[in-house]
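The values are calculated or read from the model by the stated rules, or taken from the named source; none is laboratory data. Quantities reported herein were computed from a predicted structural model and do not represent experimental measurements. Counting neighbours? That spans all protein chains shown, and the Cβs are built from the backbone with ideal geometry, glycine included.
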Amino acid sequence: MDIGTFELLKTEGNARRGTFMTAHGLVQTPVFQNVGTQGAIKGAVDAFDLKELGCQVELSNTYHLHVRPGDQIIKQMGGLHKFMRWDGPMLTDSGGFQVFSLATLRKIKEEGVYFHSHVDGRKIFMGPEESMRIQSNLGSDIAMAFDECIENPAPREYVKASIDRTTRWLVRCKNELSRLNSLPDTVNPNQMLFGINQGGTYDDLRIEHMQEIAKLDLPGYAIGGLAVGESTEIMYHILDAVLPHAPSNKPRYLMGVGTPSNIIEGVARGIDFFDCVMPTRNARHGHLFTWNGIMNIQNAKYQTDDRPIEEGCQCPTCRRFSRAYLRHLLKSGEMLSQRLLVMHNLWFYNHLMEEIRKHLDDGTFAAFRGEYSDKIGKRI
């Protein structure tokens, strides 16, 4: 199978079961990408752990790795796969979202964005070409286009001007990545570009932008600028409006989303790729995902509870440790608590995707959605 081939194996309603080929292997979709921002999962989880936890795609951050240790250093070390010892598929985001989140430190112009490093305050410029060059040095399998992530809600005129500029930037990204992939010393000559759909909460602008970027015939398309403050209902509404206009023969990636319930609902609407810091961030504060809902391990009732987080869970944490011990570690500020709790949540997310794929294969996804979409989002 050629790199960049997306094969649709089955559909159920709008939900899609497929495979996507990358230079580092075949991805079974729908898939949740595990977020290793700086080349590591927060919570002392390494690339070998990720394999054990069922991770298919690792996601790292262009901006953070550019600032530290520097993408040139990573290139010198043979690329990010080799640097962090991850041999599976990898996606890098473009740095666009960090520019959005560093709003007070930035200035957006046609050529790109001027902003100050959050580490040492030094001035940084990033535009489409710079983002592609950094991602090329990292050598990921999927490079995300450099875009502007727009706040919700934002004035219509601003959103319109912004998506037009994001489209112009996307053309520049495509041209630059083609050039970089042809260089003799490029880390991953099979690096692919995914475009990003923006348009705030305006249905017509979302649709117009998707139709425009679809003309570029890229290997994949993402929906960006959601899960940044708007309600879940609005997010689902935007997906319902825009996805019929996304190319059906390419993977669709909902960026930065979300809860297990969001994922089930996203799959039901036709999304193939997801990513979110939620499983790791929540774990570090003791909020754990289970098939019966969300558990707060800090609750006093777990003080002498010798059961695992979830009966029957095969994650390394549940196979070995009790709720009482995990609660004690977290309350004591022990670093081990972070590692063990993060491992459980990542296992849960990766195996949630496995269950979703299995139910799509069996034609029983609608029943699975009916049983679990609400249930796994409730607090125990």
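Could you check segment 95-191 for helices (runs of 4 or more DSSP H) lying wholly inside it with 1 or more residues that are closer than 15 Å to VAL67 by Cα and out of contact with any strand residue (DSSP E or B) (no Cβ under 9 Å at 6 or more places or on another chain)?
Once the helices (runs of 4 or more DSSP H) in segment 95-191 are filtered for at least 1 residues that are closer than 15 Å to VAL67 by Cα and out of contact with any strand residue (DSSP E or B) (no Cβ under 9 Å at 6 or more places or on another chain), what remains is 128-138.
Buried (at least 24 other Cβ atoms within 10 Å of the Cβ) and not hydrophobic (A, V, I, L, M, F, W, C): which single residue out of ASN190, ASN197 fits that description? I'd like the intermediate steps shown before the answer.
Working: ASN190 fails: buried (at least 24 other Cβ atoms within 10 Å of the Cβ).
So the residue among ASN190, ASN197 that is buried (at least 24 other Cβ atoms within 10 Å of the Cβ) and not hydrophobic (A, V, I, L, M, F, W, C) is ASN197.
Taking segment 350-380, which residues are among the polar types (S, T, N, Q) and over 27 Å from LEU50 (Cβ atoms)?
Step one: list which residues in segment 350-380 are among the polar types (S, T, N, Q), which gives 350, 364, 373.
Within segment 350-380, THR364 is the sole residue that qualifies.
Which residue out of GLY293, GLY270 is in contact with a Pro (Cβ under 9 Å, 6 or more places away or on another chain) and farther than 22 Å from ILE41 by Cα? If you could, list the steps in order and put the result at the bottom.
Numbers: GLY293 fails: in contact with a Pro (Cβ under 9 Å, 6 or more places away or on another chain).
Within the list GLY293, GLY270, the selection yields GLY270.
Of everything in segment 333-350, what is surrounded by fewer than 24 Cβ atoms within 10 Å (Cβ to Cβ) and touching a Gly at 6+ places or on another chain (Cβ under 6 Å)? Give them in sequence order.
Within segment 333-350, GLN338, ARG339, ASN350 meet the criteria.
May I ask you to list the residues in segment 335-356 that are in contact with a helix residue (DSSP H, G or I) (Cβ under 8 Å, 6 or more places away or on another chain) and charged (D, E, K, R)? Steps first, please.
Initial filter on segment 335-356 (in contact with a helix residue (DSSP H, G or I) (Cβ under 8 Å, 6 or more places away or on another chain)): 336-338, 340-349, 352-353, 355-356.
Answer for segment 335-356, where residues must be in contact with a helix residue (DSSP H, G or I) (Cβ under 8 Å, 6 or more places away or on another chain) and charged (D, E, K, R): just GLU355.
Have a look at ALA40, ALA23, ALA47 and point out the one that is among the small types (Gly, Ala, Ser), modelled with pLDDT of 95 or more and over 25 Å from SER337 (Cα atoms).
Values: ALA40 fails: over 25 Å from SER337 (Cα atoms); ALA47 fails: over 25 Å from SER337 (Cα atoms).
Sole residue among the options that is among the small types (Gly, Ala, Ser), modelled with pLDDT of 95 or more and over 25 Å from SER337 (Cα atoms): ALA23.
Take the conditions among the charged types (D, E, K, R), assigned to a helix (DSSP H, G or I), closer than 30 Å to GLN28 by Cα and more than 21 Å from the chain's Cα centre (by Cα) and apply them to ARG357. Does it pass? Don't jump to the end; show me each part of the working.
On the way: among the charged types (D, E, K, R): yes; assigned to a helix (DSSP H, G or I): yes; closer than 30 Å to GLN28 by Cα: yes; more than 21 Å from the chain's Cα centre (by Cα): no.
So ARG357 fails the test.
If you go through segment 214-245 one residue at a time, how many are under 20 Å from PRO30 (Cβ atoms) and out of contact with any helix residue (DSSP H, G or I) (no Cβ under 8 Å at 6 or more places or on another chain)?
6
Within 20 Å of THR5 (Cα to Cα), out of contact with any Lys or Arg (no Cβ under 6 Å at 6 or more places or on another chain) and at pLDDT 95 or above: which single residue out of ARG284, ARG252 fits that description? Break it down into steps so the answer makes sense when it comes.
Values: ARG284 fails: within 20 Å of THR5 (Cα to Cα).
One residue alone meets the criteria, ARG252.
Does any residue in segment 240-252 that is farther than 15 Å from HIS209 by Cα come within less than 8 Å, Cβ to Cβ, of a residue that is of a type in the set (Gly, Ala, Ser) and not in a helix (DSSP H, G or I) six or more places away or on a different chain, and which pairs are these?
What qualifies is LYS250/GLY220; PRO251/GLY18; PRO251/GLY220.
For GLN72, indicate whether it is assigned by TED's automatic domain parsing to the domain that holds LEU170 and under 30 Å from PRO316 (Cα atoms). Quick ask: steps written out before the conclusion?
On the way: assigned by TED's automatic domain parsing to the domain that holds LEU170: yes; under 30 Å from PRO316 (Cα atoms): no.
Against the criterion (assigned by TED's automatic domain parsing to the domain that holds LEU170 and under 30 Å from PRO316 (Cα atoms)), GLN72 does not qualify.
Any idea which of (1) surrounded by fewer than 21 Cβ atoms within 10 Å (Cβ to Cβ); (2) within 19 Å of GLY54 (Cβ to Cβ) is the one ILE264 doesn't satisfy?
Tallying (1) surrounded by fewer than 21 Cβ atoms within 10 Å (Cβ to Cβ); (2) within 19 Å of GLY54 (Cβ to Cβ), ILE264 fails exactly one: (1).
Among the residues of segment 192-206, is there at least one that is in contact with a strand residue (DSSP E or B) (Cβ under 9 Å, 6 or more places away or on another chain), under 24 Å from GLN76 (Cα atoms) and not hydroxyl-bearing (Ser, Thr, Tyr)?
First pass over segment 192-206, keeping only residues in contact with a strand residue (DSSP E or B) (Cβ under 9 Å, 6 or more places away or on another chain): 192-198, 206.
Next cut, under 24 Å from GLN76 (Cα atoms) only: 192-193.
Restricting the remaining residues to those that are not hydroxyl-bearing (Ser, Thr, Tyr) gives 192-193.
Taking every residue of segment 192-206 in turn, at least one turns out to be in contact with a strand residue (DSSP E or B) (Cβ under 9 Å, 6 or more places away or on another chain), under 24 Å from GLN76 (Cα atoms) and not hydroxyl-bearing (Ser, Thr, Tyr).
Quickly run through segment 12-25 and pick out the residues that are part of a strand (DSSP E or B) and either buried (at least 17 other Cβ atoms within 10 Å of the Cβ) or free of Cβ contacts under 8 Å to residues at least 60 places away in the same chain (or both).
Within segment 12-25, the first condition is being part of a strand (DSSP E or B), and the residues that meet it are 12, 15-22, 25.
If the condition is that a residue be part of a strand (DSSP E or B) and either buried (at least 17 other Cβ atoms within 10 Å of the Cβ) or free of Cβ contacts under 8 Å to residues at least 60 places away in the same chain (or both), then GLU12, ALA15, ARG16, ARG17, GLY18, THR19, PHE20, MET21, THR22 are the ones that fit.
Would you be able to tell me the number of residues in segment 41-87 that are of a type outside the set (Phe, Trp, Tyr) and not in a loop (DSSP other than H, G, I, E, B)? Explain how you work it out, then say what you get.
Quick first cut of segment 41-87, residues of a type outside the set (Phe, Trp, Tyr) only: 41-47, 49-62, 64-82, 84-85, 87.
From what's left, not in a loop (DSSP other than H, G, I, E, B): 41, 45, 47, 49-52, 57-62, 64-67, 71-76, 80-82, 84.
Qualifying residue count for the region: 27.
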